[in-house]
Amino acid sequence: MIPVNEAIKIVLDQTSRLSTERVSLETALGRFLAEDIVADSDLPPFDRSQMDGYALRAEDTSNAPVKLRIVGESAAGSGWHNEMLPGQAVRIMTGAPVPSGADSVQQVELTREIDDTTVEILERVSTGRSIVKRAAEITKGTAVLHAGEQANAAMIAVFAAFGYAEVEVVRRPRVAVLATGSELVPVNQKPDRDQIRDSNNYSIGAYSEISGAVVERLPLAHDEPDQLKQIINDAAERSDVVITSGGVSMGVYDFTRAALKDLGAEIFFERVALRPGKPTVFGKLPNGTLLFGLPGNPVSVSVTFNLFARPSILKMQGAKEPNMKLEWAMLARETKGSLDRESYLPAQLLTDEQGRLMAHPLKWGGSSDFVSFARADALLVIPANLKNVEAGQVVRIVRLP
Ligand code: AMP
Ligand code: MG
């Protein structure tokens, strides 16, 4: 058995970034940048008015109310490009360039237009008021976003603002998902006596998709070594990762590990000091395809996918921080650890009236209770050898995606 942290490190060491591709701005959402995004202009590109009102010289308003002569109009998209002189004002709109000679904008609510050529400024204004100076936000040439960042909706605006109709991103990993077990039937089938419906293929597929992968769900495999080998081998040829579930325990019909070895896979670990999820297997086939052999229990699947497979899928995409982020919360109810393994137990996070993040351990029936687990939004990390952790203790948590 190896510690969880060591297992994660091995996974990341064995994972390399995939090749890159150009995608259109419209399809870049959620993708990981393979290039820095560089500003091709200052932002704002000119001194910009933040208000509808009058551009003027602050000095001219020191004895407000004061009357100024309106000499022009600067609208968004069509500025007034002359020199504004003392005693003058230019009618200006939000987003329009401030004419040279003006050093501030008085908002329209604090003015009164007397006629077409005269405005009364009702209150004095300070220099620089309601103007965003050229380059105050970004200077041309600055790298504003960096390779390894994941594009969110707000970043899409940044790509657009600097003329990136296409961006260079890392290609999405191809993940093949295989559920093994002679008891499994597909979702559209009524289980016979001794059978259950496969759910792991769907949860692993869903977790993989939210990690950025393109998923192929393979047909169900029986506990039959030759069939298993064949399916894994075929899938590996067109996949970056194969994720199996089931068949890694010590039962007479647990063939996954043997199948991987027969295929010439290098196995890096096959038992982790983790509860749930001890018999997790990680290896690599001779062609470089990574293999995660997750245990069959649906809850173990969720825990081991998120601890091991997800960081790998994220690192393949060049993610800056592929690991689950450790945070801290206060335990709301007493919980139990395990003697020789680190525990990752389902919990719900809620803030209390004192602003504390409280972790409520789920009442659940162990690693097969995936119905209760469906309401978990985090895992409590309880170190090995801690028998009891009392309510009020601060514990480490990781959020589930
Ligand atoms: P195993 O790791 O193959 O010993 O399976 C452990 C438990 O998980 C058994 O109760 C299996 O029936 C169950 N199980 C295995 N694969 C699946 C699956 N794809 N969907 C739902 N339950 C599964
Ligand atoms: Mg099985």
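If one takes the longest principal axis of the Cα atoms in the chain, at what angle in degrees, from 0 to 90 and to the nearest 10, does the Cα axis of helix 4-13 lie?
70 degrees
What residues from the range 311-333 fall in the zone where the backbone N is under 16 Å from a label point 7 Å along the Cα-to-C-beta line of Val394?
326-332
Taking 7 Å along the Cα-to-C-beta vector as the label spot, tell me the His222-Thr27 distance in nanometres, rounded to one decimal.
The two pseudo-label positions are separated by 4.1 nm.
Rounded to the nearest 500 deg cm²/dmol, what is the calculated helix-only ellipticity per residue at 222 nm for the chain, with -39500 (n - 2.57) per DSSP H run of length n ≥ 4?
Details: 8 runs with 68 residues, N = 401.
That calculation yields -4500 deg cm²/dmol at 222 nm.
Can you tell which of Gln106, Ser41, Leu29 lies farthest toward the positive end of the dipole of the chain, using +1 and -1 charges on the Cβ of basic and acidic side chains (Lys, Arg; Asp, Glu)?
Of the options given, the answer is Leu29.
With every protein chain in place, what's the accessible area of Asp40 (1.4 Å probe, Å², nearest 10)?
90 Å²
Largest first, what is the accessible-area ranking of Met155, Met1, Met51 with a 1.4 Å probe?
Met1, Met51, Met155
Stretched out fully, how many nm does the piece from Asn385 to Lys325 gain, at 0.36 nm a residue minus the Cα gap?
Details: separation 60, 0.36 × 60 = 21.60 nm, distance 2.29 nm.
Once the chain is fully extended between Asn385 and Lys325, it gains 19.3 nm.
Check cross-link reach from Lys229 to the lysines: straight Cα distance under 26 Å, and skip same-chain residues fewer than eight apart.
Partners found: Lys261, Lys278, Lys284.
Rolling a 1.4 Å sphere over the protein heavy atoms, what is the accessible area per residue of the range 231-386, to the nearest Å²?
So the range 231-386 comes to 42 Å² accessible per residue, rounded to a whole number.
What nm distance separates the two modelled labels at Ala206 and Gln354, each placed 7 Å from Cα along Cα→Cβ?
A separation of 3.6 nm, rounded to one decimal place.
Could I have the simple spin-label model distance between Glu73 and His146, label points 7 Å from Cα toward Cβ, reported in nm to one decimal?
Here the modelled spin labels are 4.7 nm apart.
Quote the FRET efficiency, to the nearest 0.05, computed for Glu59 versus Asp115 with a Förster distance R0 of 30 Å and r equal to the Cβ-Cβ distance.
Result of the calculation: an efficiency of 0.80.
Can you tell me the relative contact order of the range 306-401? Whole percent, Cα pairs under 8 Å, sequence separation 6 or more.
Relative CO of the range 306-401 lands at 37 percent.
Kirkwood Rh, the chain, all Cα pairs: how many Å?
Evaluated over the chain, this radius sits at 25.4 Å.
How big is the charge dipole of the chain about its Cα centre, in debye rounded to the nearest 20, if each Lys and Arg gets +1 on its Cβ and each Asp and Glu gets -1 on its Cβ?
Numbers: 43 positive and 51 negative charges, 218 e Å.
The dipole of the chain has a size of about 1040 debye.
Given Thr61, Val303, Ala143, which one lies farthest toward the positive end of the charge dipole of the chain, if we put +1 on the Cβ of every Lys and Arg and -1 on the Cβ of every Asp and Glu?
Positive-end residue among those listed: Val303.
Once a ≥ b ≥ c are taken as the square roots of the eigenvalues of the Cα gyration tensor of the range 239-283, is the result rounded (a/c under 1.5), prolate (a/b larger than b/c) or oblate (a/b not larger than b/c)?
Oblate shape, in that a/c is at least 1.5 and b/c is the bigger or equal ratio.
When we measure straight from the Cα of Lys67, which lysines land under 30 angstrom away, once same-chain ones fewer than 8 places off are left out?
Lys133
Grab the beta carbon distance between Ser372 and Lys261, set R0 = 30 Å, and tell me the FRET efficiency rounded to 0.05.
Efficiency at R0 = 30 Å is approximately 0.25.
Does anyone have the angle between helix 200-210 and the longest principal axis of the chain? Alpha-carbon axes, 0 to 90°, nearest 10?
The angle comes out near 20 degrees.
Sort out the exposed loop chymotrypsin sites (Phe, Trp or Tyr not before Pro) in the chain (DSSP loop, at most 15 other Cβ within 10 Å) and tell me the longest stretch that has none.
47-252
With a 1.4 Å probe and every protein chain left in place, tell me how much accessible area Lys261 has, in Å² to the nearest 10.
100 Å²
Quick check: the angle from helix 225-237's long axis to the longest principal axis of the chain, C-alpha only, nearest 10 degrees?
20 degrees
Accessible area, 1.4 Å probe, largest first: how do Met316, Met250 sort?
Reading off the accessible areas and sorting them downward yields Met250, Met316.
What are the radius of gyration and Dmax of the range 1-105, computed over its Cα atoms and given in Å?
Reported Rg and Dmax, both Å: 26.5, 84.
Using 1/(1 + (r/R0)^6) with R0 = 45 angstrom and r between the beta carbons of Leu122 and Phe46, what's the FRET efficiency to the nearest 0.05?
With R0 = 45 Å, the Cβ-Cβ based efficiency is 0.95.
Using just the alpha carbons, could you tell me how many Å³ per residue the convex hull of the range 300-401 encloses?
That works out to 106 Å³ per residue.
How much of Thr111 can a 1.4 Å solvent probe reach, expressed as accessible area in Å² and rounded to 10?
20 Å²
Under 12 Å between alpha carbons, and skipping anything fewer than 8 positions from Lys140 in its own chain: which aspartates and glutamates qualify?
Asp40, Asp42
The values are calculated or read from the model by the stated rules, or taken from the named source; none is laboratory data. What you are looking at is a predicted structure, and each value in this text was computed from that prediction instead of being measured. Here Cβ is always computed from backbone atoms with ideal geometry, including for glycine, and neighbour counts include all displayed protein chains. Surface areas here come from the heavy atoms of the whole protein model, side chains and all, with no ligands, DNA or RNA. Shrake-Rupley method; radii C 1.70, N 1.55, O 1.52, S 1.80 Å.
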